[in-house]
Amino acid sequence: MNVAMVQQIARKRCNVGKEELSKYITYKKRTEKLQNDIAELEEQDIETVAGKVKGSMKEHPYTERRFSVQMELPEEAERICKQIAKKKQEMEELEARMREIEHFIDDNDDVYMKSIFEYRYLEGMSTEELAKKYGYTKGRISQIVSNYLKKTII
């Protein structure tokens, strides 16, 4: 691993602090809601209207003809497409943040610390639950997490 790669990893670790870690569950829930919203929008029935278009036939490619077609109401279809695109973009941004948090936790070589971070931030376990699981006080779990984050932020 060269120096540039190490610096890039260090910069990524700086972007993941306690506040960002705490948002993981919120990001996950929002992503699920966006997926449902997109599915509903894609299934939504759009009123169809009759229209005419210009074109040509295979047999006579240079002869212009008018064809009657049934098509979705253009304004409504465009509005729905824009909503879908906006929701997909937000979902991609949230998924990127979630991957960054997951990489931050996965890059931890200490299995003990990794498990604490996974339970706390990826699964949403409270500090009280972690304290019971590991035999510490709630305050000690918070201290362990804070000390580790201080060490990793350059």
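Residue under question is Leu149, and the condition is that it be within 24 Å of the chain's Cα centre (by Cα), crowded, with 16+ Cβ neighbours inside 10 Å and closer than 27 Å to Asp37 by Cβ; does it hold?
no
Pairing each residue of region 32-61 that is within 27 Å of Ala85 (Cβ to Cβ) and at pLDDT below 85 with any residue that is assigned to a helix (DSSP H, G or I) and among the aliphatic types (A, V, I, L, M), provided the two are 6+ apart or on different chains, yields C-beta distances under 9 Å for Ile46/Ala77; Ile46/Ile80. In region 100-131, the qualifying residues are those that are of a type outside the set (Ser, Thr, Tyr) and surrounded by fewer than 13 Cβ atoms within 10 Å (Cβ to Cβ), and the one that is nearest to Glu19 (Cα to Cα) is Glu123. Among helices (runs of 4 or more DSSP H) entirely within region 80-154, having at least 2 residues that are touching a helix residue (DSSP H, G or I) at 6+ places or on another chain (Cβ under 9 Å) and among the charged types (D, E, K, R) singles out 127-134, 138-152. Checking every residue in region 42-62 against the condition of being within 25 Å of the chain's Cα centre (by Cα), within 25 Å of Lys29 (Cβ to Cβ) and surrounded by 14 or more Cβ atoms within 10 Å (Cβ to Cβ) gives zero matches. Checked against (1) of a type in the set (A, V, I, L, M); (2) under 18 Å from the mean Cα position of the chain (by Cα); (3) closer than 30 Å to Ile141 by Cα, Ala85 meets all criteria but (3).
The values are calculated or read from the model by the stated rules, or taken from the named source; none is laboratory data. Owing to the predicted nature of the structure, the values given are computational and were not obtained by experimental measurement. Neighbour counts are summed over all protein chains in view; Cβ atoms, including those assigned to glycine, are modelled from backbone coordinates with ideal geometry.
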